[in-house]
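Take a look at the structure below.
Here, each number is a calculation from the coordinates, and none is a lab measurement. Since we're looking at a predicted model, the values are computed, not measured. Neighbour counts are summed over all protein chains in view; Cβ atoms, including those assigned to glycine, are modelled from backbone coordinates with ideal geometry.
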Amino acid sequence: MSLQRERTNDITPALLLIAHWLELIGWCLIAAHGGLWGSAAAAIAGAVKFRHLQEVSHFAVHGVLTRSSRLGTVLAEAAVHVPLGFVPVPVRRQRHVREHHPNATIAGVDPNLIELHRAGLRTGVGPTRFALALVFPLTPAGLAGTIRGLASNLLSSRAAWWRLAVFVAIPVTMALVFGWSTAVFAFVLPRLLLYPQLAWMSLLVEHRWFDAEPVTGPPAVIEAARCLRLYPHNPALALLARGTWLPYGDLYHFAHSAHPAVRWNYLPALERAIGTPTYTPRALLFGKSAVVHCHHRVLVASDPLSVSGSARHSQVGLAERP
């Protein structure tokens, strides 16, 4: 923490956020001049860029992105939350820092677990419903939820009119400069479908949502029982995940959950110091240790008493993911 405080500055994060948007402009050029394949590549790259922006701003939500916490909030609003139609940073901070972190995997309290339940990941789920829940943002119900969430973020009485104006101005400007198809492939499609799916995949591998063991003790002990660490023995897949759908420390969610004030570039070293959690799956989809297999095994348990309390309470309200 002393080293982090010594090295933290206000310039590097601003340059990092600017660089992500400059890269997105480059993908717009590829979409505009690369035909169908260029547009498809821009759509995927746009979704990845939005994931990167989300995770950079995540550390502003925790107040550790910049030396000045207030400047971090301003940067997150200007470069991420407003152009991508997110809730204001203070709202996300309330949901993520105050509601999710201390209550992870606790049914009826953790807003992220509530959203998983809303998508159909509940005790006794059938195979079809479970499969659809894995790609929930790509389903009609998921797309409708994304649109409702955007409308709520942008049209709520607490939101300033300029948030809506800036959000609309981004794709309009892309259309005017690069053409309407570029705006669709590089912004609209990633924002409404592809980026939400990548964010959903990251949510699925954050915790042992449905079989977390309730333990007490220091933060590292508590989080070791309810977190997981994906790809612990596969450097290639870990590198791919870190570059795409689990960027900026998202792969090291156990270390982040145990010490939320540590910025992403120190999380690998922190993990080496505190170790890995109890559950270290080798894969996302396939194999007995895979995350999806673990979630499915717990949720289809015939005896509800064999499922942890986080999975037994399925009648919960709705919440937008922070």
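The stretch between Leu29 and Val97, if pulled fully straight at 0.36 nm per residue, gains 20.7 nm over its current Cα-Cα span.
Angle of helix 195-204 to the longest C-alpha principal axis of the chain, folded into 0 to 90 degrees and rounded to 10: 20°.
Using R0 = 56 Å, the C-beta based FRET efficiency linking Trp161 and His233 works out to 0.65. Look at the alpha carbon pairs under 8 Å that are at least 6 residues apart: their mean separation over the length of the chain gives a relative contact order of 24 percent. Dipole orientation for the range 129-236: of the candidates Gly217, Tyr231, Val135, Val135 has the Cα lying most toward the positive pole (charges on Cβ; Lys, Arg +1; Asp, Glu -1). Across the range 149-225, the mean sequence separation of Cα contacts (distance under 8 Å, 6 or more residues apart), normalised by length, yields a relative contact order of 12 percent.
Neighbour counts of C-beta atoms inside 10 Å place Met1, Met174 in the sequence Met1, Met174, starting with the fewest.
Residues Glu206, Glu99 in ascending order of nearby Cβ atoms (within 10 Å, fewest first): Glu99, Glu206.
Ordered by the number of other Cβ atoms lying within 10 Å of each residue's own Cβ, fewest first, Trp161, Trp27 fall into the sequence Trp161, Trp27.
Measuring r between the beta carbons of Ile106 and Thr276 and using R0 = 25 Å, the FRET efficiency lands at 0.65. Stretched out straight at 0.36 nm per residue, the stretch from Thr173 to Trp21 would grow longer than its current Cα-Cα span by 53.4 nm. Relative contact order, whole percent, for the range 1-124 stands at 18, derived from Cα pairs under 8 Å and 6 or more residues apart.
Please list, by residue number, everything in the range 186-218 whose backbone N is under 14 Å from a paramagnetic label point 7 Å out along Cα→Cβ of Leu138. Answer for this model: 190, 193-202. Helix 161-178 and the longest principal axis of the Cα set of the chain meet at an angle near 60°.
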